[in-house]
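To start, the structure itself, in structure tokens.
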């Protein structure tokens, strides 16, 4: 079983929102798990804060997950071997 966790905050970086120059900082929190069969689940959420020179700020938040089933041997190895 594989289990990984990430919690990172970026250094401030320049951005432009609707023509307004801002400073942005992004925070990402996520987890990845994979079992012995190869099936996996990855979840993450991220928040980005955009701050203008006058101190006004807006925040964007997004989250999601990705689930993959275990790999399936569809016989490609045998086909490749036969054709090689």
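The values are calculated or read from the model by the stated rules, or taken from the named source; none is laboratory data. Keep in mind the model is a prediction, meaning the values are calculated, not measured. FYI the Cβ positions are ideal-geometry reconstructions off the backbone, even for glycines, and counts take in every protein chain you see.
When region 52-61 is limited to residues that are more than 30 Å from residue 32 (Cα to Cα) and not in a loop (DSSP other than H, G, I, E, B), the one that is farthest from the chain's Cα centre (by Cα) turns out to be 52. There is no residue in region 11-25 that is surrounded by 10 or more Cβ atoms within 10 Å (Cβ to Cβ), within 12 Å of the chain's Cα centre (by Cα) and in a strand (DSSP E or B). When region 62-84 is limited to residues that are under 30 Å from residue 46 (Cβ atoms) and in a loop (DSSP other than H, G, I, E, B), the one that is modelled with the lowest pLDDT turns out to be 71.
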